[in-house]
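Have a look at the structure below before the remarks.
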Amino acid sequence: MKQLEGQLSAKGLKVAVVVSRFNSFITKELLNGALDCWRRHEGDEDDFTAVWVPGAFELAPTAQKAAASGRYDAVVCLGAVIRGATSHFDFVAGQAAKGIAQVAMDSTIPVIFGVLTTDSIEQAMERAGTKAGNKGWDAMLSAVEMSRVYDQLT
Ligand code: INI
């Protein structure tokens, strides 16, 4: 049996992290988690670019441009859509997920979904570095792994 899997080393990789300003008290923590994961997996801080956008709705089109630029080995999208904070939660969350999935399908590099969609601020805080871990950290680990998988498939 042949098996293929991605190594968890970011050595020599370049990443763009598209991060939304909306709910920035949460997304800043997701970004910190992503950077921590990058550093702990041999990534160079100079090869980590954060791209700030207004909200989750803007993540997909910006990720598409970053992926198409040819400058990065992976793109990570970070955001927080909180039901209690918006009457159009389903629209914003759904569009972000659909848009990022579409960009991921159309790109030659991995495009990773690191968007929290929660019912409450408390649930978002739990996933941004408190009791349920840090979704930004997890998203970056997926980016490193998937970049190494794609390396072997192309
Ligand atoms: N953007 C978010 O990232 N999270 C939210 O919870 C949110 N709410 O509540 O509406 C949100 N809205 C802004 C949206 O993403 C766009 O930035 C805005 O509509 C401009 O296109």
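Brief remarks follow.
- Among the GluC sites (Glu not before Pro) found in segment 33-64, those both in a DSSP coil and sparsely packed, with 15 or fewer other Cβ atoms within 10 Å of their Cβ, are Glu42.
- Each helix, a run of at least 4 DSSP H residues, gives -39500 (n - 2.57); summed and divided by the residues of the chain, these come to -14500 deg cm²/dmol at 222 nm.
- Positive-end residue of Phe57, Gln3, Asn23, charge dipole of segment 1-60 with Cβ unit charges: Gln3
- Dipole magnitude for segment 1-133: about 120 debye, using +1 per Lys or Arg Cβ and -1 per Asp or Glu Cβ, origin at the Cα centre.
- Per residue, the accessible area of the chain comes to 54 Å² when a 1.4 Å probe rolls over the protein heavy atoms.
- Diffusion constant of segment 27-82 at 4 °C, which comes from Stokes-Einstein with the Kirkwood Cα-pair radius and 1.567 mPa s, µm²/s: 106 µm²/s
- Rounded to the nearest 10 degrees, the angle from helix 89-106 to the longest Cα principal axis of the chain is 10 degrees.
- The fraction of all Cα pairs in the chain landing in successive 5 Å bins from 0 to the largest distance is 2, 11, 20, 23, 20, 13, 7, 3, 1, 0, 0, given as whole percents.
- Between the Cα long axis of helix 135-153 and the first principal axis of the chain there is an angle of about 30°, rounded to the nearest 10.
- Nearest-20 debye value, segment 80-149 charge dipole, Cβ charges on Lys, Arg, Asp, Glu: 80 debye
- Rounded to the nearest 10 Å², the accessible area of Ser142 at probe 1.4 Å: 50 Å²
- Taken over the Cα atoms of segment 80-149, the convex hull encloses 64 Å³ per residue.
The values are calculated or read from the model by the stated rules, or taken from the named source; none is laboratory data. Owing to the predicted nature of the structure, the values given are computational and were not obtained by experimental measurement. Note: ideal-geometry Cβ built from the backbone for every residue, glycine included; neighbour counts use all protein chains shown. To get the accessible areas, we keep the full protein, side chains included, count just its heavy atoms, and leave off ligands, DNA and RNA. Shrake-Rupley method; radii C 1.70, N 1.55, O 1.52, S 1.80 Å.
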